[in-house]
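Worksheet: one structure, shown below.
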Amino acid sequence: MSQAVLNAVSSIGPLHLMTDMRIDGMITATQQRRFEQFKASARSIFLGGPKAKTYALVGGAVVLWASWPALATVAYPAPPLLVLGASALIGFLFSFVLAAKQNALTSFATVPFKTLAFVAIGLMGNNAFYLAAIARIGPAEANVVHYLWPVFLVGLASALHRRAPTLLQTLGIACGFIGVAVALSPQMGGGLDLIGVLLGACGALTFAIYSVGRSLVQVELNVVGPSLGLAGIAALAAHLILEPTYLPTNAQWLAIVLMGIGPFTVANIFWDKATREGSAATISSLAFLTPLVAIMLLTVFGLGVVTIATLIGALFAIMGAVLSSGSK
């Protein structure tokens, strides 16, 4: 059930009270008006109203972000820096074309270099750690470990403001780590790769640091597109120095292209439009579905071994993220 429907229901009261609207065989005018509001909200969402467009944009962004583990799995075993560099440059070119059509090319030239460098390091570092992790602990498990980033974000924000986490935040942090432990439990009989777990956690920490930095410096310009160009050049240069020469297959090239256009570019466009047209708090809450959708995509395409433990771990990670971000 969508948030808009829940809001409409909460304005009426608990669902069972809808059967108690009659007083002496009559329905009050206020109750009738609230019920009509509920029907209007539901009709707007399910029959193509303005809210339906917003939720469709959010859904598109979540699915595209969730496709990243599946695409990264298809691209494996291509060297991580090659995958990141090529996909980042493709995302940059796609963003450049879109900006040209919108007469917004000035955003590519006016972003400060420090901002470009910070965003490039944050995005590429996060993704590089994830690619390294899936090679050691599997894509589904790496996905759960990576979703510790909201938990790390709470810890960093608390340290930055020099205050202890609230009770709900502490509970959320605990749920996040419990989720990781549950997801990795099948491998704890002796086959658990601690380096892979550490790599996944480093990716989560990198993205948390990136998110804190971006929240502290509000830049209205398009920084992701230009930063992808810088990141792509840096990653490919590092590939030539640190990794062996590798020629991706056609399937790997397809995954790399889709990675650059989808999770890196279009997902951010959808998200930006959705936040401009709807409630940011409501829309952001739907992003917590990303790890669950990612696991579903891995399962549907047969790209990872998804166990009950992995699914339960993902649910705990989502619960931890919700509790951590929902408390003030």
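The values are calculated or read from the model by the stated rules, or taken from the named source; none is laboratory data. Quantities reported herein were computed from a predicted structural model and do not represent experimental measurements. As a convention, Cβ positions derive from the backbone with ideal geometry for all residues, glycine included, and neighbour counts pool all protein chains shown. Accessible surface areas use protein heavy atoms only, side chains included; no ligands, DNA or RNA. Shrake-Rupley method; radii C 1.70, N 1.55, O 1.52, S 1.80 Å.
Brief remarks follow.
- Spin-label model distance (nm) - R214 vs A174, 7 Å beyond Cα toward Cβ: 3.1 nm
- Cleavage-rule hits (trypsin sites (Lys or Arg not before Pro)) in the range 121-222: DSSP loop, at most 14 neighbouring Cβ within 10 angstrom: R162, R163
- Count Lys and Arg as plus one, Asp and Glu as minus one, and take only other residues whose Cβ is under 14 Å from that of Q187; the net charge is then -1.
- A simple rule links phi to the HN-Hα coupling: the Karplus curve 6.51 cos²θ - 1.76 cosθ + 1.60 with θ = phi - 60°, which for the range 227-242 gives 5, 4, x, 5, 5, x, 5, 5, 5, 5, 5, 5, 4, 5, 8, 9 Hz, with x for Gly and Pro.
- Ratio of Rg to Rh over the range 77-202 (Cα coordinates, Kirkwood Rh, two decimals): 1.08
- E141 accessible area, assembled protein chains, probe 1.4 Å, Å²: 20 Å²
- Heavy-atom accessible area for T166, with the other protein chains in place and a 1.4 Å probe, reaches approximately 40 Å².
- V305 long-range amide H proximity, modeled H, under 5 Å: A140
- Taking 0.36 nm per residue of separation and subtracting the current Cα-Cα distance, fully stretching the chain between L192 and F301 would add 36.8 nm.
- The listed residues L184, L286, L160 rank as L160, L286, L184 when sorted by accessible area, largest first, using a 1.4 Å probe.
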